[in-house]
Structures are given as C-alpha cells and as structure tokens.
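Chemist: Right, I'll just put the structure down here and ask away after.
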Amino acid sequence: MTKTFLSALWVPLLAFAMAGCSPDTTEIGDIALVTAIGIDYDKENHQFTFSSYSIMPMAGGADQPGRLSQWVARSNGGSILESARNLKSQAGKTLIWVHNKFIIVGEEAARHSFSEIMDFLTRNRQIRMSSYLIVSEGKAADQLRAKVGTGDMLSNDLLGKIRNENAWGKNVAIPLHDIADRYGSPDRGFITGKIKTVFDGDMQGQKAELKGAAVFNRGRLAGWIEGDDVLVYRLLSDKQLWNSLEFDKTVRYERAAMTFLVRESKHSVRTSFRRGVPVVDIYLKFSASIGEIDRTLPLQDPSVIKQMERLVSKELEKMMDTSLHHYQREVKVDILGWADLFAAHHPRQWEKIKADWSTVYPAVKANVTVDVKIEKLGLIRVLKD
Amino acid sequence: MQQQARPLHRSSAANIQALQETFSDNASFVTRDLSCRTGPDRAAFAYLDVLVDEKLLHQNVIRKMNEDLELPYDQFDLKVLGSLYSAGKVEVIDDWSAVPEFLYQAGAVLFVDGHPCVYGILMPGYDTRSIGEPKIEVNVRGPRDSFIEDHDKNLSMIYRRLKTSDLKSLSYIIGTQSRTKVTLLYMEGKMDRELAAKLRRKLADFQCDVLLANTQIEELIQDSAYSPFPQIANTERPDRVVTSLSRGKAVILTDGTPIALIAPTTFFEMLHPSEDMYERFHFANFIRIIRTITLFISLFGPSLYIALTTFHLEMIPTPLMMAFLTSKAGIPFPTFVEALIMETAFEILREASLRLPKVVGQSVSIVGALIIGEAAVQSGIVSRPVVIVVAMTGISSFTIPSFGTALSIRLLRFPLMLLASYAGVLGMALGFLVLLLHLCSLHSIGVPYLNPISADGWKKTLQNYVRLPARLRNGTGSREPDYDKNIP
C-alpha cells in the first residue's frame, strides 16, 4: 500500500518536469490589466495603430492601500499583431488581455481592413469572445483618450452604458462571438455598436457616447443606422436583445400626448414564398404601461384603453415599416438575417434566389402585425386638473 | 519487580520476608500484623498505602477480624478468612509473580500461616477525576458526560447505556511494567466476526513496556502507518461509543486515557460529529453541507488563491481582479511566499494558544492574530486578500469535527500550495488526484476508508451525505453486520 502511495507521488513530480509549467506564473503585482483596445488603420501608409487602455496597480504610501492608475498607450505596425507587440516597448508591466471587454475599431479600419482585424481577434487566445466589438466614428484611439462623464474608468463606464441600453434601446452592443458567427455569411449583413466622441462644453473636452449602430455588409463597414432603426433592429432580432428591453413610445391620443413604456412579450417571424415572392410575416406582441400623460383622460373606460392599444399598435407598426423600408431600400443590407431564415425553411426556393439575394432583398414583402396590450395605468388612475 | 513463577511458602513469615525483599526501598509498602492475639507472624496484611483505602481496611476488615478472634470457638485461620470474605470479593493467589501486580491494582493481601497462598482483596483508595463535560466534542443537545482517566468508570458509562448481553467486553493487561488495563468492546451479531477476531489477535499480541496512552494501540492496529489520515476514530463521549457499538464497530478503552478508540472508521464518519444525531434533520443536513464546504476550503483555500492569481487570471471576475490589484500593489513577495508566511504564522499562533495556559491562551491568540495580520498588511508585507484567505481557511479547518482529520487536512494544505504555485490548477488537480487515490486505497482494519461512497442502494449512499428523517432511515434492529452503515 505504502509502495503504491509513494509511486503515485511520482505523478505530480513528473508533471513538474514538463516544460512550460512554471514560467507561466504572473504575479498580479506586476501586471497591467488591458480593459479596452482600439484598432486603427491608415489606408495610405498601410499602417495599423494599436491602442490599449490599461489599469495598473500603484503602490500606496505608508499606511495606505494601493490604488489603480490608468494608462493609455499606442503603437504602430505593419500588421495588427506587430503593432500590438510594439506596445511592449512602452509597457513597464506584463500586459494581461484576458480581462479585455471592449474592442473599438476605427472607422477607416472597419471599412478597409476588417477581415484582418477579425482574423486577429478570433485567432488570438487571450482575446475573449464575449468582449464587445464597437465601431468608432473617427479614430478608435481618440475614444480611449476621451473623458469619462462619470469620472469612472473607461471600461466600467462603457459597461454601465451597455447595461443601460435595455432601458433605452437606441444603441446595441454585440459580443465578438456573434460577430464572428455572422461575419462569414456572404448573404446577410450584421450590425454592431457605435461609439463617437461628442463635444461637451461642461467638461471642456470630448466625451465618448455609445449611440447608434454600425452596419456591416460582406465583411466591411457599409454605413450607420441611428435612433428608431436601432430600436427596431433590437425588437426584430434575437431574444436576448429584446427580452429585457423596455423602451418609451410617445403617441398622441385626441389632444393628449402620452408616453408608454413598452416591452416585447411575444415574437414570431415567419418566412414564406407567395407566388414566387419571398414574404416575411412578423407578428409581435407588446405589453405597455402608461408612463406619462399631459392631460386628463377617462382611463376607467375600457373602450378608451382599447382605442389606445390600437393606436400604439399602429404607431409601432408604422415605426417598424419605416425602419424596414430604410434597411431594405436605403441601407440595402440584410441586417436581420432573413437570408438565413429563407435558407433554413425553404431550401429549394432559396437556391433559386440565392444568387440574386442582393436584388431580391429590397423587394421582400414584410408584413408587420403588432398587438399591444396596456397592462398598467401607473399608480394614479385619473390625473386631475 | 522481576518475579519468577514460583509457589508460595506455607509459612507466612517467610512469605512476608520474601515480599519485603521484593519491595525493598519502597516507602509506600506496608506490612501489618493482624493482632497481638494471633502471635507473631501468624497472619499479616501487606499493601501499598498510597493506593489502598487504609481507613476502610482498618474499619471493615481488621477490626472485624480482631472481634472475631476474641470469639472462643473455631480455628484461627477460619476466623480470619471468614471476616475477610465478608468484607468483599477475595482473590486467592498462589503464584508469587501475581502478588506485586495485585498490590499495584490497589489491593491488600493477607498471608495466613499454614496456607501456601495469599488472599487478596481490592480496596482502591486513590482519587480519580469525577465525570466532567466533554472538552473537545462539545454539543448543544446531547448528553454532557465524558470519559475520564478511570477505566472502570468509563466502562460503567457504556454499560449504563447498553443493557444487553450481546455487548462483549474482553480485558487485556498490556505493558510489562505499566500493566495497563485495556478493554475491547463490541456487540455480537453486529460486529463482523473476522474483524473482531483480528482485533482480539492484535491486542493479545501487543508487546510493550509502558502503555501510557491509547495512541500506542492506535499505531498498532492501524493498517497504514504512513498515511496522514487517522484510520481509527477516537471520542471522549460515551454516547458516541454506544452509537458506534450499535453500528457494529469495536471500541477500545484504555486505563488512564479519557479517550476511547473506535474501529473500523470511515472518512465520512470523521466529518459527522455526534451532534448531528441530536438536531432536527434539516439543520443537521445544513450543517453537514457547510462542513463539506469548509472541508474543501480548508484543504484548497490558499492553493486555489495562489493558482488563480498567478496562473489563471482569466478566472477571476474583473471587478474582483481590480480589488486584488489594488491590494497587491507594492507587495514585495510572490503570492506563494505571502501565503506561506501567513499560513506559518497562523500555525504558530494556533500552536502557541494551545500550549499557553487556558486563561491567557485565547486572548493572546486573538491579539496576536490581529496584530500580526493587521501590521503585516499595514506595512505592506502581505496583501489583504491573503490574510482573508488564510483566516477563512483557518476557521474552516476548525469546523472539522475529528481533530485528527483536521490535523491531516492542515498538513496537506502545504504540499497543495506548493503544487499550486508550481503548476496552477493543474497541480492542484494532480495533488487532489493523488490524495483521492490514497484515500481509496486506505483501509481501517480491513474496511475501505471511503466505504459507503458507492454503497449498494440509493438509501445507503444518500445516508452517507445527508441525515434522513427517521422514517426513511434503515431499521437499527438489523442482525447483519452493518459496520458500513455509518449514519443512524
């Protein structure tokens, strides 16, 4: 028995002999935690610029705990990896990428070298696939230097903005793995978040704003969408984007302006071919609650509520139609991935239209039916003058 | 005291002379002639005055004898022996070598002229500690008595709880010089016959000069002497002994030790104290879950921290990572050294508080821990998370009910820390694998140490981890040897 035990002790000892075990140690006192990176591309010089936003521990004085300091660095190179490696010449600490949450891609880079960027990001082991890829209007490096309104660290601030998007709906953050999934498809496009710096008088400088979305088609940046178009994308997209989303919608009822808080509760997108024409039937169910009314309305009357429900449904249908029209006729990118739906549900007919999808797509007939149910009137039932 | 086995003289004077030679230079040895009436050297008592209750001997035996001797009829020796027999159980010894041993058992021997033997009567007059409360295995609802150093009183506590003739007790005298009384207890019909025979054989063959504590017996009967895990359970609680007996285990009581040994024992029994039996099953299970968690914390706490912060930075959530970063800034030592310093300091404090007098011990340990911990952090020698991890680990190790198991877990923590600092979670996994293999191969007097971990039937397996309510528990009236059924 003792013999077996002693011989079993050799197993870990042999493991120690394996090369490459101990040099992997990284003491957390010696690291810089990269929490956001920016990738820019200069088309004329064919140069990549790699910027990193890191957090480093700094020793506190006597009797004081240490604190965190922020460090933004930037370096150039002929490829992304080269520029990222050139960063090491400036780094006094071991750079740790595994906690990186944001990859900000510059506009020019997204237009001209997105495939290289995706290759780098998906090939690299230290890049997390759950990090968010955001396209910057202008240079990505500027976003990392921008002032943060809350005074917090940039990555925390961005994370907070992404959390808040469920109460607003007009921006969208897509993790890298979703982009990697959709990036390869020749037929469908995709969107991802957009960041831009806006001038802020109070703060004497630029501040970063997460708003709108960048549209990609055939692996490169094709344009931007803003406002309700982003909201409609979220409502018509995967469940994770609309499940906890609550947005506001203002409608006019008689002479009153009413704002509703609306939440999507049921979602159905069906594709079919009618007389050879591809049709998408969208049926959405919403629950709404009254958030604000500017004058007294007879809310105790069920028929009034019914009328309101119809009104809000109409408004939402209108909003969707407008946005879908914008996607199909103006942006001309299948960002909702209808191509995948047709290919999955109607493979035979899909084969016929597959080649001309870019011309067929703007002509796809989309029928949107919205059903709104007003569930809550708010705490006060009747607003008195 | 080296005595050859030889018969006694017929003459009491010669016998006393011989005994006096044996006990030469022994101030406690007393011989006492019975009476002036009997004439010199006709009958005499011999005893050790520190062991024997002299007052009792005088009042109950010698006075009676003197009164009887005044009676006119009957022969001299019959009168003397008659009064002796009325005083208590008399043992007739006709072998020289047994006489000193009898004296050391707090006996008085009577030599009567013309009898080639001695008559012994036990009259213990020494003091023993009275039955106290358990010191180590404290509980809230269970009985409050615990074993003491006196073997017979311990045995009486067990007999009072188990009133069945199935309870067998076999007595052994171990130690050529200490002549310590050792009793093996088991219940016939419940204990596996082979195991009982094995234990009997081992105890009968046990050779030593002085048997002071039952750890010597434990060393003898355990299967694997090199294992860090205790394979024999010990307890100071009679109720736990009785539960063990009724589950088909053997119990060994040793004179002079307030701790009983229980064998065979399995790993999971070490994790379940008797307290569990006295609580309602919800709470007992909750505590069991907590105890399982703390077992793992106390084994893996520091090594997991080392592995995560030096190898697997991606496994720490970012906000926590930032907290670690701030506290680690400016610390001169690698995490492993930090953890080692704190663990060692903790062990030193723990040992110091054990050795110190009880009154100062507790306060010194608390103050020491606070000052050392706080000062070390303030001066930037160790980081705060390490202090938290080490403190958590230390407190967790206190929840393991079996002191021996807690010791082994404390000890195993250090090699695991080394493995973690060398190969991260991979090293820990390897260490755990070796530990698991070792536990699987371990036996407690022939019974697998991890015994009911995959017992037949879900009830048996489940009972290993949770305490089932009474209705679902197996009946206790089973006649099968069920030493593997370790939960009531």
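The values are calculated or read from the model by the stated rules, or taken from the named source; none is laboratory data. None of these values were measured; they are calculated from a predicted model. We place every Cβ from the backbone using ideal geometry, glycine too, and count neighbours over all the protein chains shown.
Chemist: Determine whether A:PHE48 is closer than 22 Å to A:GLY193 by Cβ, within 14 Å of another protein chain (Cβ to nearest Cβ) and modelled with pLDDT of 90 or more. Spell out how you get there, then give the answer.
Modeler: On the way: closer than 22 Å to A:GLY193 by Cβ: yes; within 14 Å of another protein chain (Cβ to nearest Cβ): no; modelled with pLDDT of 90 or more: yes.
Criteria not met by A:PHE48.
Chemist: Taking into account only those residues within the stretch A:162-205 that are at pLDDT 85 or above and aromatic (Phe, Trp, Tyr), which is farthest from A:GLY219 (Cα to Cα)?
Modeler: A:PHE190
Here is a yes/no grid of residues against (1) surrounded by 23 or more Cβ atoms within 10 Å (Cβ to Cβ); (2) outside any helix (DSSP H, G or I); (3) without any contact (Cβ under 8 Å) to a residue 24 or more places away in the chain:
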site: B:VAL242; (1), (2), (3): no, no, no
site: B:LEU245; (1), (2), (3): yes, no, no
site: B:GLY248; (1), (2), (3): yes, yes, no
site: B:LEU253; (1), (2), (3): yes, yes, no
site: B:THR257; (1), (2), (3): yes, yes, no
site: B:THR265; (1), (2), (3): yes, yes, no
site: B:PHE268; (1), (2), (3): no, no, no
site: B:ASP276; (1), (2), (3): no, no, no
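Chemist: Looking at (1) within 14 Å of chain A (Cβ to nearest Cβ); (2) in contact with a Lys or Arg (Cβ under 7 Å, 6 or more places away or on another chain); (3) touching a residue at least 24 places away in the same chain (Cβ under 8 Å), which is the one condition that is false for B:ASN285?
Modeler: Among (1) within 14 Å of chain A (Cβ to nearest Cβ); (2) in contact with a Lys or Arg (Cβ under 7 Å, 6 or more places away or on another chain); (3) touching a residue at least 24 places away in the same chain (Cβ under 8 Å), B:ASN285 violates only (1).
Chemist: With the requirement that a residue be at pLDDT below 90 and surrounded by 18 or more Cβ atoms within 10 Å (Cβ to Cβ), what does the stretch A:270-289 give you?
Modeler: none
Chemist: Right, another one. For the condition in contact with a Ser or Thr (Cβ under 9 Å, 6 or more places away or on another chain), part of a strand (DSSP E or B) and in contact (Cβ under 8 Å) with a residue 12 or more places away in the chain, what is the one hit in B:LEU170, B:LEU155?
Modeler: Details: B:LEU155 fails: part of a strand (DSSP E or B).
Every option except B:LEU170 fails the conditions.
Chemist: State whether one or more residues within the stretch B:335-343 are buried (at least 16 other Cβ atoms within 10 Å of the Cβ), in the same structural domain as B:SER303 (by TED's automatic domain parsing) and outside any helix (DSSP H, G or I).
Modeler: no
Chemist: Same structure again: If you go through the stretch B:119-134 one residue at a time, do you hit one that is touching a residue at least 24 places away in the same chain (Cβ under 8 Å) and among the small types (Gly, Ala, Ser)?
Modeler: Yes, the stretch B:119-134 has at least one match.
Chemist: For the stretch A:87-97, which positions are assigned to a helix (DSSP H, G or I) and closer than 16 Å to A:LEU33 by Cα? Even if it seems obvious, please write down each step before you answer.
Modeler: Taking the stretch A:87-97 and keeping what is assigned to a helix (DSSP H, G or I), we get A:87-89.
Correct list: A:LEU87, A:LYS88.
Chemist: Oh, and also: With respect to A:SER130, is the statement that it is away from every other protein chain (no Cβ under 13 Å) and of a type in the set (Gly, Ala, Ser) true?
Modeler: Details: away from every other protein chain (no Cβ under 13 Å): no; of a type in the set (Gly, Ala, Ser): yes.
In short, no.
Chemist: Mind counting the residues in the stretch A:25-46 that are touching a His at 6+ places or on another chain (Cβ under 8 Å) and not aromatic (Phe, Trp, Tyr)?
Modeler: We begin by selecting, within the stretch A:25-46, every residue touching a His at 6+ places or on another chain (Cβ under 8 Å); these are A:33-35, A:41, A:43.
Those left that are additionally not aromatic (Phe, Trp, Tyr): A:33-35, A:43.
Qualifying residue count, the stretch A:25-46: 4.
Chemist: Then there is this: Just one of (1) among the basic types (Lys, Arg); (2) part of a helix (DSSP H, G or I); (3) within 14 Å of another protein chain (Cβ to nearest Cβ) trips up A:ARG111, so point out which.
Modeler: Against the list (1) among the basic types (Lys, Arg); (2) part of a helix (DSSP H, G or I); (3) within 14 Å of another protein chain (Cβ to nearest Cβ), A:ARG111 comes up short only on (3).
Chemist: Looking at the stretch A:338-346, can you tell me whether even one residue there is farther than 14 Å from A:LEU236 by Cβ, touching an Asp or Glu at 6+ places or on another chain (Cβ under 6 Å) and buried (at least 16 other Cβ atoms within 10 Å of the Cβ)? Can you show your working first?
Modeler: Let us first name the residues in the stretch A:338-346 that are farther than 14 Å from A:LEU236 by Cβ, namely A:339, A:342-346.
So of that shortlist, the ones also touching an Asp or Glu at 6+ places or on another chain (Cβ under 6 Å) come out as A:339.
Keeping just the survivors that are buried (at least 16 other Cβ atoms within 10 Å of the Cβ) gives A:339.
Scanning the stretch A:338-346, I find at least one residue that is farther than 14 Å from A:LEU236 by Cβ, touching an Asp or Glu at 6+ places or on another chain (Cβ under 6 Å) and buried (at least 16 other Cβ atoms within 10 Å of the Cβ), so the answer is yes.
Chemist: Would the stretch B:94-106 turn up any residue that is out of contact with any helix residue (DSSP H, G or I) (no Cβ under 8 Å at 6 or more places or on another chain), modelled with pLDDT of 85 or more and crowded, with 18+ Cβ neighbours inside 10 Å?
Modeler: Looking for residues that are out of contact with any helix residue (DSSP H, G or I) (no Cβ under 8 Å at 6 or more places or on another chain), modelled with pLDDT of 85 or more and crowded, with 18+ Cβ neighbours inside 10 Å, one finds at least one in the stretch B:94-106, hence yes.
Chemist: Related question: Applying the selection to the stretch B:204-234, what residues are free of Cβ contacts under 8 Å to residues at least 40 places away in the same chain and within 14 Å of chain A (Cβ to nearest Cβ)?
Modeler: Initially, the stretch B:204-234 is screened for residues free of Cβ contacts under 8 Å to residues at least 40 places away in the same chain, giving B:204-210, B:215-216, B:219-220, B:225-226.
Scanning the stretch B:204-234 gives B:ALA225, B:TYR226.
Chemist: Which condition number in (1) under 19 Å from A:VAL105 (Cα atoms); (2) part of a loop (DSSP other than H, G, I, E, B) is the one that A:LEU221 fails?
Modeler: (2)
Chemist: Can you report the number of residues in the stretch A:57-86 which are at pLDDT 80 or above, within 14 Å of chain B (Cβ to nearest Cβ) and assigned to a loop (DSSP other than H, G, I, E, B)? Before the answer, list the steps.
Modeler: Taking the stretch A:57-86 and keeping what is at pLDDT 80 or above, we get A:57, A:68-86.
Within this subset, residues satisfying the condition of being within 14 Å of chain B (Cβ to nearest Cβ) are A:57, A:68-71.
Next cut, assigned to a loop (DSSP other than H, G, I, E, B) only: none.
So the count comes out to 0.
Chemist: Same structure, new question: Quick one: how many residues across the stretch A:228-269 are more than 28 Å from A:ILE179 (Cα to Cα), crowded, with 16+ Cβ neighbours inside 10 Å and without any contact (Cβ under 8 Å) to a residue 40 or more places away in the chain?
Modeler: Matching residues across the stretch A:228-269 total 1.
Chemist: Here's a check for you: in the stretch A:114-161, which residue that is surrounded by 19 or more Cβ atoms within 10 Å (Cβ to Cβ) and in a strand (DSSP E or B) is farthest from the chain's Cα centre (by Cα)?
Modeler: Step by step, filter the stretch A:114-161, then rank; the result is A:SER136.
Chemist: Can you tell me which residue among B:LEU295, B:LEU299 is buried (at least 24 other Cβ atoms within 10 Å of the Cβ) and either aliphatic (A, V, I, L, M) or closer than 21 Å to B:SER408 by Cβ (or both)?
Modeler: Working: B:LEU295 fails: buried (at least 24 other Cβ atoms within 10 Å of the Cβ).
Result: B:LEU299 is the single residue among B:LEU295, B:LEU299 that is buried (at least 24 other Cβ atoms within 10 Å of the Cβ) and either aliphatic (A, V, I, L, M) or closer than 21 Å to B:SER408 by Cβ (or both).
Chemist: Considering only residues that are at the interface with chain A (Cβ under 9 Å from one of its Cβ atoms) and among the β-branched types (Val, Ile, Thr), look in the stretch B:300-331 and name the one that is farthest from B:GLY427 (Cα to Cα).
Modeler: B:THR326
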